[in-house]
Amino acid sequence: MLHAPVTHANPPRELVLVGAGHAHIHILEGFAVDPPPNTRVTLVVDTATAVYSGMVPGFVEGRYRARDLHIDVRSLAHRVGVRVVETRAVGIDAARRRILLEGGDSIGYDLTSFNIGSTVAHLDLPGVREHGLPTRPIGRFVQQFDELIERARAHGNGTPFRVIVVGAGAGGVELAFTIQYRLAAETGRRIDVRLLDGAPRVMRHYPPSLIRRITRLAAARGIEILCERKVTAAEAGAVVLTDGTRLACDALVWVTGAVGHSVFTESGLATDDRGFLRVRSTLQAQRHDDIFACGDCATLIDYPLTPKAGVYAVRQGPLITRNLRAALAGQPLQRYRPQHDFLTLLNVGDGMAIGAKWGRSFQGAWVMTLKDRIDRRFMRRFQLASATEHGNTP
Ligand SMILES: Cc1cc2nc3c(=O)[nH]c(=O)nc-3n(C[C@H](O)[C@H](O)[C@H](O)COP(=O)(O)OP(=O)(O)OC[C@H]3O[C@@H](n4cnc5c(N)ncnc54)[C@H](O)[C@@H]3O)c2cc1C
């Protein structure tokens, strides 16, 4: 186990990392090689097993087991000598420099960094929590997916099993395709999937050629895409639209896009209109040099339209590691500039994926092979790092 040297001459600085998102996992990896001197690092995380969302559609498709998606954050942290506090952060007392925890405790910090991701929008619409399966927290979605398979198996009246997926962003599109594929494979019966969105078209921030491919494949697989349909409530066996129409379903999957956790708004920090912490390009909060944030939970003041996607959280990992180190040492910080474009790879089930980059799109089994290789390489890095503590291999 590696420990940062703590001397009595200088009391250790307290660095509190909140959340085990992609960027913080990178910090743990970086600190394993080169721990910051005279610093006590604490990780506050609501669950010590992180789930890699990029492989969740592959899990739904039946390609991966749940454990293939898991990163053992506790082992990774212990290996670096980082203390883990497994509980939810519920607020920040910025004046007293304390992270407020569920249950009433709090932890003091000299520096803190948040990488807590996002939650799903509109969960508070009537009936949605009760009748829908939301994709956040993603670990719970993975745990509950087997129940959906069981329900489809038990659906015995000879009619197709009907799934409604609400939210036609990248995650919603992948889940519409992979759920249909998996449930059909598990049950041998017809699975009717409807993909609903309030916007005029699916994946509206993506290249038109990608959208055409998705639309064509959906038609070929019998997935009905319904745009400009806003859901106002969910009931047992149906969703209700703004015009009062009821669409019947046997399962409802809720993927309505990212909004912030309440931690920042309830702490009086400057956020954008979705509750994400506003950060400068150094990844420091707008008015607080000692609070950093990265990944989905942060919105860059200079680049507010940067998508909420894991690729950005991953790219911010090295920079937040360097900047926390520099801030602890009183040195100048570096600025983050998001990339303009990124490689989109969507798992559409049946061993196929559709991809896009620089406005061009492509599809086929080879695209899924590429996605699988990238995702497995990413996971191997962190699963190996956490397994080393136990002296085993994954
Ligand atoms: C089905 C699906 C597929 C996706 N596929 C892709 C893809 O292929 N590529 C891509 O780029 N993006 C993808 N995304 C988006 C991607 O999931 C997010 O952009 C990404 O996970 C954000 O990463 P993050 O590091 O900000 O946070 P996360 O990975 O969400 O991690 C947040 C961490 O914080 C913890 N946490 C949360 N709240 C608290 C709290 N209050 N206190 C303590 N800990 C807390 C969580 O347990 C977790 O450890 C997908 C999303 C979905 C739903």
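Here, each number is a calculation from the coordinates, and none is a lab measurement. Here the structure is a predicted model, which means the values were calculated and not measured. Note: ideal-geometry Cβ built from the backbone for every residue, glycine included; neighbour counts use all protein chains shown.
Here the stretch 249-323 is treated with +1 on each Lys and Arg Cβ and -1 on each Asp and Glu Cβ, and its dipole about the Cα centre works out to around 260 debye.
Between Arg287 and Thr306, the contour length at 0.36 nm per residue exceeds the alpha carbon distance by 4.8 nm. Globularity index of the stretch 222-347 is 1.40 (Cα radius of gyration / 2.2 N^0.38 Å, N = number of residues). By the count of neighbouring beta-carbon atoms within 10 Å, fewest first, Ser113, Ser267, Ser209 end up ordered Ser209, Ser267, Ser113.
The fewest-to-most ranking of Trp366, Trp254, Trp358 by surrounding Cβ atoms within 10 Å reads Trp358, Trp366, Trp254.
So how strong a dipole does the chain carry about its Cα centre when Lys and Arg Cβ are +1 and Asp and Glu Cβ are -1, to the nearest 20 debye? If you can, show how the numbers build up before the last one.
On the way: 49 positive and 38 negative charges, 221 e Å.
The dipole of the chain has a size of about 1060 debye.
Find the centroid of the Cα atoms in the stretch 50-102 and in the stretch 286-323, then give the distance between the two in whole Å. About 17 Å separates the Cα centre of the stretch 50-102 from the one of the stretch 286-323.
For the stretch 180-218, the residues whose amide N sits under 20 Å from a probe point set 7 Å from the Cα of Arg153 along the beta carbon direction are 180-192.
Rounded to the nearest 10 degrees, the angle from helix 22-33 to the longest Cα principal axis of the chain is 40 degrees. Each Lys and Arg contributes +1 and each Asp and Glu -1, all at the Cβ; summed about the Cα centre of the stretch 11-93, the dipole is approximately 160 debye.
Between Ile374, Gly81, Gln363, the Cα set farthest toward the positive side of the dipole of the chain (charges on each charged residue's Cβ, about the Cα centre) is that of Gln363.
Could you please rank Asp341, Asp110, Asp197, placing first whichever residue has the fewest other Cβ atoms within 10 Å of its Cβ? Let's see the in-between values first.
Working: Asp341 11, Asp110 16, Asp197 26.
If I rank by nearby Cβ atoms, fewest first, I get Asp341, Asp110, Asp197.
Is the shape of the stretch 201-283 best called rounded, prolate or oblate, per the rule: a/c under 1.5 gives rounded, else a/b larger than b/c gives prolate, else oblate, with a ≥ b ≥ c the square roots of the Cα gyration tensor eigenvalues?
On the way: a/c = 3.16, a/b = 1.48, b/c = 2.14.
The shape class here is oblate.
Compared with the direct C-alpha span, the chain from Glu266 to Leu343 gains 24.2 nm at full extension, assuming 0.36 nm per residue. Answer with one residue from Val41, Phe59, His131: the one whose Cα lies farthest towards the positive end of the charge dipole of the stretch 1-158, charges on Cβ with Lys, Arg +1 and Asp, Glu -1. Comparing the listed Cα positions along the dipole, Val41 ranks first. Compute the signed sum of charges (Lys and Arg +1, Asp and Glu -1) over the other residues within less than 13 Å, Cβ to Cβ, of Ala220. Once positives and negatives cancel, what remains is +2.
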